[in-house]
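Following: one structure in structure tokens, then a few remarks.
Each value in this text was obtained by applying a stated rule to the coordinates, not by laboratory testing. Here the structure is a predicted model, which is why all the values come from computation and not from measurement. So basically every Cβ, Gly included, is an ideal-geometry build from the backbone, and we count neighbours across all protein chains shown.
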Amino acid sequence: MFRFHDPHYLYLLLVLPVLGYYLWKWGRHQLGRMAYSTLQFFQHSPQTLRTFLAKFLWIVRLLVLALLVIALARPQSGMQLQEVTTEGIDIMLVMDVSTSMLAEDFQPANRIQASKMVATEFIQGRKNDRVGVVIFAGEAFPQCPLTLDYGVVMEIIDRIQVAPPEWDGTAIGNGIATAVARLKDSKAKSKVVILLTDGVNNAGEVDPMTAAEIASTFGIRIYTIGVGSTGYAIMPRQTPWGTQKVRVRVEIDEDLLKRIAQQTGGLYFRATDTQKLRAIYQQIGEMEKTKIEVKEFTRYREKYLLYAALAFALLIGEIILQNTWLRRIP
């Protein structure tokens, strides 16, 4: 980017054509004169570089003046810069890993695999937001603290498996409380919990609504997602005769999930298949966007010294030539 800081000085360039005409006329009158009876002997005489330069040395003076005028206008070259300010969001993904998440009503394999896949896609779409992970069944277990290292988060999610039988259950309150403990001291402008479950709270020491009230106190917003088709779903179960697939009733405490979301200023969503679950995460992502403020400014560097130095060099050169090689005999 190029500009003149004081462009009004450039109007002085309009004087140069008039001055040039005057110097041209004046230069012609300064040439020595001698009377000859005939010029036929000089018609084909060669013109040397010296005589040519002597006639047009006034052009150098015009160029010096032009460069000085440009220097007065203060030419500047600039570089456009951007100052980006971001206000990131802290997000805790709280995922149900009870054995009911093995129900095969979601693609590609079951609820747990679909939840992991969609959560990974959600993380890939984040920028400047810290993400952490908590899993829960009969107890809650923090898996990953808030971090910007999305690769680590996605690797941890990929390794998540359903809880063993001794830890089975659905401790929604414990899951929320564990996430709140990780978010309460956050300095982020927005603190969010995305709670995903397919069941009814039946375990844990913390009442879900009590945990929601604590979350609300710390300004944490909870989005709740109930996953599971309507009616019945096929789920593998271990029996004395090996693993068998049985039909189980889908039971989700939607009323509780709605009250948790309402208590904290969030929303409740119901996902009955993988596509709807993906759309829910996308909707939450649109609602929880990082605030980015971009300020553009231009940094200029002065270039007038270059033009002034060039004018000075030409002037010195013109003076030297005029008093040496192009010197005229008075």
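So here's what we get for this one:
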item: Cα-based reach from Lys189 at 18 Å (exclusive), listing aspartates and glutamates while leaving out same-chain residues under 8 positions away; result: Glu87, Asp90, Asp129, Glu286, Glu288, Glu293
item: Entries of Lys127/Lys303; Lys187/Lys276; Lys191/Lys245; Lys191/Lys258; Lys127/Lys245 with Cα pairs more than 30 Å apart; result: Lys127/Lys303; Lys187/Lys276; Lys191/Lys245; Lys127/Lys245
item: Label zone at Met209, where the point sits 7 Å out along the Cα-to-Cβ direction: the range 143-182 residues whose backbone N lies under 19 Å; result: 171-177
item: Cα-projected label distance for Phe218 with Glu104, points at 7 Å along beta-carbon direction, nm; result: 4.0 nm
item: Debye log10 I(q)/I(0) for the range 128-234, one point scatterer per Cα, at q = 0.10, 0.13, 0.15 Å⁻¹; result: -0.30, -0.50, -0.67
item: Förster radius 56 Å - calculated FRET efficiency between Met79 and Ala279, Cβ distance, rounded to 0.05; result: 0.80
item: Label-point gap, in nm, between Leu19 and Lys303 - each point 7 angstrom along Cα→Cβ; result: 2.2 nm
item: Using a Förster distance of 56 Å, the FRET efficiency for Glu155-Leu63 (Cβ separation, nearest 0.05); result: 0.25
item: FRET efficiency, Phe312 to Phe2 (Cβ-Cβ, R0 25 Å, nearest 0.05); result: 0.65
item: For the range 89-289, the fraction of alpha-carbon pairs in successive 10 Å shells from zero, as %; result: 9, 39, 38, 11, 2, 0
